[in-house]
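The next block holds one structure in the form of structure tokens; read it before the comments.
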Amino acid sequence: MFHSRSRVRAAALISTILALSACGGGGGGGGDTQAPARAPTPAPAPVPPITSFLANGKGGIGTATIEVDATGTFTEDDTRYQMQTGGTSGCSLSSRPSDPDVANCNLLAGGKGFLLCQNTTSDTFNVALFRQSDVQTAPLGELAGQTLTGISCGATGVSRNTNTWAFSADASIASEKRGAVTNNFGATASFVTDDGSLQSGARRERWAIYKAAVGSTTQYFLLDLFQNTDPSQPVQDVRIYFLQK
């Protein structure tokens, strides 16, 4: 966009200089001289449409907005990414330079989102992208009494795993089960900070909940996000849970 506008300004400036030179030059004869016609200013190149995606992932509890152009391309941290739909898993993601952390791509919410993972063998993910115009953030109250199922990247699309996330009837208690591990959250479980995250030692945890209309159903996605306040601690894996009403 900026380059095309620069070309327009440059072409206009050059044609103006040529016209002024013709009018001011040639001090000899008395015949009429005409300045050459100014070259038409080229129209600016069309700007490709931009789509905003909400992004959450491993290493932080915040939500970023990523602008993706019509070719599925965006740039983050000096890495150029390009998402494409289709293929065995529903989508693919290429990167330059190569980013092995997001080698696998699955569609979410009927194509309104993308799940990016390092592999298809674990129950974790690295980045989830949701088209901002197609999703809403959901309050905990909408999941009261509900049990969500863990999902992760699969070779032929999103794969469900055995992890579960359940809310009590009034949504005051949440219980996560992963194999032999059970994590319970409630009013006395952790200190809740101003940004809605849970503080536990050097670790902050936040639940990002999105919902999207898919056909006649509503799909919910709960992202269990972590951020270490102690940089010496390893980055913790993050997981995503799914419910369809």
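Taking ASN184 as meeting all but one of (1) in contact with a Leu (Cβ under 8 Å, 6 or more places away or on another chain); (2) in a strand (DSSP E or B), write down the number of the exception.
Going through (1) in contact with a Leu (Cβ under 8 Å, 6 or more places away or on another chain); (2) in a strand (DSSP E or B) one by one, ASN184 breaks only (1).
Filtering the range 55-101 down to residues that are among the acidic types (Asp, Glu) and under 26 Å from SER159 (Cα atoms), which residue is surrounded by the most Cβ atoms within 10 Å (Cβ to Cβ)?
ASP99
Which of the residues that make up the range 53-89 are in contact with a strand residue (DSSP E or B) (Cβ under 8 Å, 6 or more places away or on another chain), β-branched (Val, Ile, Thr) and either touching a residue at least 40 places away in the same chain (Cβ under 8 Å) or in a strand (DSSP E or B) (or both)?
Passing the criteria: ILE61, THR63, THR65, ILE66, VAL68, THR73, THR75, THR79, THR85.
Mind listing whichever residues of the range 105-126 are open to solvent by 40 Å² or more (accessible area, probe 1.4 Å) and outside any loop (DSSP other than H, G, I, E, B)?
LEU107, GLY110
Which ones in the range 212-239 are surrounded by 20 or more Cβ atoms within 10 Å (Cβ to Cβ), of a type outside the set (Gly, Ala, Ser) and more than 18 Å from LEU116 (Cα to Cα)?
GLN219
The values are calculated or read from the model by the stated rules, or taken from the named source; none is laboratory data. Please read all numbers here as calculations on a predicted model, not as lab measurements. Heads up, the Cβs are rebuilt from the backbone with ideal geometry, glycines too, and the neighbour counts pull from every protein chain shown. Side chains included, ligands, DNA and RNA excluded: accessible areas come from the protein's heavy atoms. Shrake-Rupley method; radii C 1.70, N 1.55, O 1.52, S 1.80 Å.
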